[in-house]
Amino acid sequence: MPAFPVDIQGPTVIDGRTVPDTAWTGFTSPQNLTGQPAISVPAGFTRDGLPVGLQITGRHLADGQVLCIAAAFEGAAPWAGRWPGDPA
């Protein structure tokens, strides 16, 4: 799901299916409730130039492992210096 406009609660249609405008919030609650470390890293851009992220979640108290995986992903798909709308 690409980024949605800042002036709405959330998208009402995802992949052609109608969803509540809070459907996207379910991706953060499990980690907050269970104490699992999670990180979102830039993963690219849509055809329209909107940013897309990858959420990485680890086992309880595995913060170091999550950071290592995020660093490995960044090494494989560097994004520093790229901005939405820049050509690939």
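Values for this structure:
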quantity: Selected residue (criterion: modelled with the lowest pLDDT) from residues of region 28-69 that are touching a strand residue (DSSP E or B) at 6+ places or on another chain (Cβ under 6 Å) and part of a helix (DSSP H, G or I); calculated: Q31
quantity: Whichever residue in region 1-27 is within 30 Å of G64 (Cβ to Cβ) and not in a helix (DSSP H, G or I) and, among such residues, is modelled with the lowest pLDDT; calculated: M1
quantity: Yes/no for G10 being over 19 Å from F73 (Cβ atoms), surrounded by 10 or more Cβ atoms within 10 Å (Cβ to Cβ) and in contact with a helix residue (DSSP H, G or I) (Cβ under 6 Å, 6 or more places away or on another chain); calculated: yes
quantity: Candidates A38, A23 - the one that is within 26 Å of E74 (Cα to Cα) and surrounded by 14 or more Cβ atoms within 10 Å (Cβ to Cβ); calculated: A38
quantity: Residue within region 42-56 that is hydrophobic (A, V, I, L, M, F, W, C), more than 25 Å from D7 (Cα to Cα) and surrounded by 13 or more Cβ atoms within 10 Å (Cβ to Cβ) present; calculated: yes
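The values are calculated or read from the model by the stated rules, or taken from the named source; none is laboratory data. Just so it is clear, the structure is predicted and the values come from calculations on it, not from any experiment. Cβ coordinates were reconstructed from backbone atoms using ideal geometry, including for glycine residues, and neighbour counts include every protein chain displayed.
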